[in-house]
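Structure first, then comments.
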Amino acid sequence: MNTKPHVVIAGGGWSGLAAAVELAQHDYKVTLLESAKQLGGRARRVLFNDMRVDNGLHIGVGAYTELLHLLDVVGVDVDKVFHRIPFQMRYTSTKKNHMVIPPSSLPKPFNLLWSFIKASGFSVREKIQALRFCAKLALGKLDLQSDISVQAMLIKNGQSTRLIHYFWEPICIGALNLAIHKASAEVFVTVMHDSFLQTRDYSDFIIPIADLGDIFPDPAMEYIENNGGSVRMGSRVTGLELDGEFVKGVYVGNELIKADEVILALPHIISRRLLTRHEIFNSVSEQLAYMGQQPITTIYLKYPDSVTTGTAMLGMHDTLGQWVFDRSLNGQPGVMAVVISADGPHMKMDNEKLIAHIADELKQLFPQWPEHEEAIVIKEKRATFYCGVASNEVRPDVETPVENCWLAGDYTATGYPATLEGAVRSGVACARHIISNQMKEELTENE
Ligand SMILES: Cc1cc2nc3c(=O)[nH]c(=O)nc-3n(C[C@H](O)[C@H](O)[C@H](O)COP(=O)(O)OP(=O)(O)OC[C@H]3O[C@@H](n4cnc5c(N)ncnc54)[C@H](O)[C@@H]3O)c2cc1C
């Protein structure tokens with residue numbers, strides 16, 4: 001008989017699924033409750049006419065170790081769902097600011113050094129500035145005693161305006177989803193450190209070639225159910241049942257679902273809504289009240305099948321669009337996904353105007369392309385938490401003042417920006433706390 005605690009997980013995004021998989025792997029009885037009709041949350045499949053696309057392009061790096069490990073656990077062949085390429089950057093521009101940082105197969109840190117030496121579009125001076133910054137990063141000499149903006153940190157460390165604008169800003173906005181003058185240097189340094197200063201393949205890009213649903217949510221659900229757990233979609237958690245300092249279960253409407261442990265793997269706004277009703281969570285809800293959010297916009301344009309950028313991922317300089325992803329690797333030739341991270345003038349444009357604007361930018365960059373045939377815009381207004389200066393200070397831990405209630409989600413104190421890896425790490429952390437507490441209890445009982 002399974003005597004392990006029953007864990008109820010609210011939220012079927014990547015953090016909730018990660019917690020559920022980790023627990024199911026250790027024979028815990030898991031019930032996962034998701035309000036939507038599908039799993040995946042902010043990283044999910046969307047239907048675009050007869051095509052399966054994603055709600056937004058998701059790029060990872062080799063440093064996503066916990067995610068890659070979990071994919072292995074649920075039986076996903078990583079090479080079939082991700083296209084892996086060594087670190088490289090390629091930008092095209094409407095004002096002739098084309099830049100290329102080529103890949104290198106040398107061991108770290110020489111790979112970066114070589115890529116910069118061979119880079120085009122940067123002056124020798126700019127290359128030296130960038131390499132000096134990387135050396136300071138490697139030696140822990142960035143002198144970051146308190147958090148400041150990424151821009152302020154770069155200026156302080158001798159990066160020129162042009163280098164900041166054309167090299168650092170696209171990396172910052174892509175990674176932290178916030179403008180460089182607002183984004184947290186502390187989080188940026190963590191990302192740079194983990195991607196570039198660990199093993200060489202941590203800086204590889206991993207680009208999804210299957211839709212997001214196929215990569216993790218669907219295989220995770222199958223794994224949870226095959227291991228005795230249950231996944232209920234269309235089940236919105238509306239409240240918590242507390243008895244003193246313990247949570248007894250969650251409500252889905254009038255139905256009380258009893259639990260020995262509860263993990264709230266919800267967007268921070270929703271978690272706060274549930275927690276504020278109980279005084280015991282006051283400190284956490286106050287922290288969550290300070291967390292903002294930022295949007296990400298994706299514009300999919302379908303061109304004739306023969307149209308291609310010639311590369312999976314291409315940066316766009318001097319345009320509203322920031323990156324264009326050629327979906328031919330996903331079996332969708334002629335489909336271009338243009339990404340605009342963070343807030344900006346595009347958020348005030350209606351979809352028709354935005355499509356026309358982006359199509360025009362692509363026409364300037366690729367004058368030989370014919371007109372697009374169809375297009376959609378997906379504006380995710382609450383794509384990520386606001387990763388600004390000092391944002392780490394208000395990010396809550398996975399533990400809460402209620403010892404059997406846990407918080408999972410990309411916004412928790414992982415040190416990472418809002419990413420799939422951050423979400424997965426937080427979910428796994430909750431599961432590991434529960435498993436380790438249970439082991440300690442069993443040891444005490446046996447003494
Ligand atoms: C457009 C876009 C592009 C992105 N690009 C990247 C990228 O390139 N690389 C990267 O690593 N990350 C990227 N991210 C971030 C990444 O998607 C998120 O960090 C991650 O998906 C967050 O997972 P989560 O489980 O923490 O939260 P969520 O995905 O928000 O999961 C929460 C779940 O809870 C459910 N829910 C809400 N209320 C209730 C309730 N009351 N009861 C039950 N369930 C409820 C929601 O439906 C959702 O499924 C991107 C995000 C977006 C939106």
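With the condition kept exactly as written, say whether any residue in the stretch 341-357 is part of a helix (DSSP H, G or I), among the acidic types (Asp, Glu) and outside the structural domain of ASN49 (by TED's automatic domain parsing). Steps first, answer last, please.
Quick first cut of the stretch 341-357, residues part of a helix (DSSP H, G or I) only: 345-348, 351-357.
Now narrow it down to the ones that are among the acidic types (Asp, Glu): 352.
Now narrow it down to the ones that are outside the structural domain of ASN49 (by TED's automatic domain parsing): 352.
Yes, that holds for at least one residue.
The set of residues in the stretch 403-433 being closer than 20 Å to LEU275 by Cα, touching a residue at least 60 places away in the same chain (Cβ under 8 Å) and surrounded by fewer than 24 Cβ atoms within 10 Å (Cβ to Cβ) consists of GLU403, ASN404.
Residues in the stretch 4-17 that are more than 26 Å from THR384 (Cα to Cα) and either within 11 Å of the ligand (Cβ to nearest atom) or surrounded by fewer than 24 Cβ atoms within 10 Å (Cβ to Cβ) (or both): LYS4, PRO5, HIS6.
Across the stretch 373-396, a minimum of one residue is classified as more than 30 Å from GLN145 (Cα to Cα) and in a loop (DSSP other than H, G, I, E, B). When the stretch 240-261 is filtered for residues that are over 16 Å from VAL7 (Cα atoms) and in contact with a helix residue (DSSP H, G or I) (Cβ under 7 Å, 6 or more places away or on another chain), only GLU245 remains.
Kindly check whether there is at least one residue in the stretch 86-97 that is surrounded by fewer than 16 Cβ atoms within 10 Å (Cβ to Cβ), outside the structural domain of TYR251 (by TED's automatic domain parsing) and of a type outside the set (D, E, K, R).
Taking the stretch 86-97 and keeping what is surrounded by fewer than 16 Cβ atoms within 10 Å (Cβ to Cβ), we get 94-97.
Retained after the next criterion (residues that are outside the structural domain of TYR251 (by TED's automatic domain parsing)): 94-97.
If we keep only those that are of a type outside the set (D, E, K, R) as well, we get 94, 97.
Yes.
Taken over the stretch 415-427, the criterion of being within 12 Å of the ligand (Cβ to nearest atom) and more than 16 Å from LEU266 (Cβ to Cβ) is satisfied by TYR416, PRO417, THR419, LEU420, GLU421, ARG425.
Taking the stretch 272-291 as the range and being out of contact with any Lys or Arg (no Cβ under 6 Å at 6 or more places or on another chain) and surrounded by 15 or more Cβ atoms within 10 Å (Cβ to Cβ) as the test, the residues that pass are ARG272, ARG273, LEU274, LEU275, THR276, HIS278, ILE280, PHE281, VAL284, GLN287, MET291.
Give the residues of the stretch 152-181 that are under 16 Å from TYR386 (Cα atoms) and buried (at least 20 other Cβ atoms within 10 Å of the Cβ), sorted by residue number.
So the first thing to find is which residues in the stretch 152-181 are under 16 Å from TYR386 (Cα atoms), and the list is 172-181.
If the condition is that a residue be under 16 Å from TYR386 (Cα atoms) and buried (at least 20 other Cβ atoms within 10 Å of the Cβ), then CYS172, ILE173, ALA175, LEU176, ASN177, LEU178, ILE180 are the ones that fit.
Taking the criterion of being of a type in the set (Ser, Thr, Tyr) and more than 15 Å from LYS363 (Cα to Cα), the residues of the stretch 278-333 that qualify are SER283, SER285, TYR290, THR297, THR298, SER306, THR311, SER328. Looking only at the stretch 156-182, filter to residues that are in contact (Cβ under 8 Å) with a residue 60 or more places away in the chain and more than 16 Å from the ligand (Cβ to nearest atom); which one of those is farthest from PRO417 (Cα to Cα)? Here the residue is TYR166.
Screening the candidates GLU241, GLU225, GLU286, GLU261 for the property of being modelled with pLDDT of 95 or more, closer than 21 Å to GLY75 by Cα, acidic (Asp, Glu) and not assigned by TED's automatic domain parsing to the domain that holds LYS379 yields one hit, GLU225. Out of everything in the stretch 18-32 that is surrounded by fewer than 24 Cβ atoms within 10 Å (Cβ to Cβ) and closer than 13 Å to VAL231 by Cα, what residue ends up being nearest to the ligand (Cβ to nearest atom)? Per the stated criteria, the residue is THR31. Scanning the stretch 243-285 for residues that are in a helix (DSSP H, G or I) and of a type outside the set (Ser, Thr, Tyr) yields a count of 12. Of all residues in the stretch 96-151, those that are free of Cβ contacts under 8 Å to residues at least 12 places away in the same chain, more than 29 Å from THR311 (Cβ to Cβ) and among the charged types (D, E, K, R) total 1.
Tallying residues that are under 17 Å from GLY12 (Cα atoms), free of Cβ contacts under 8 Å to residues at least 40 places away in the same chain and not small (Gly, Ala, Ser) within the stretch 227-255 yields 2.
The values are calculated or read from the model by the stated rules, or taken from the named source; none is laboratory data. From a predicted model like this one, the values you see are computed outputs, not experimental measurements. Note: ideal-geometry Cβ built from the backbone for every residue, glycine included; neighbour counts use all protein chains shown.
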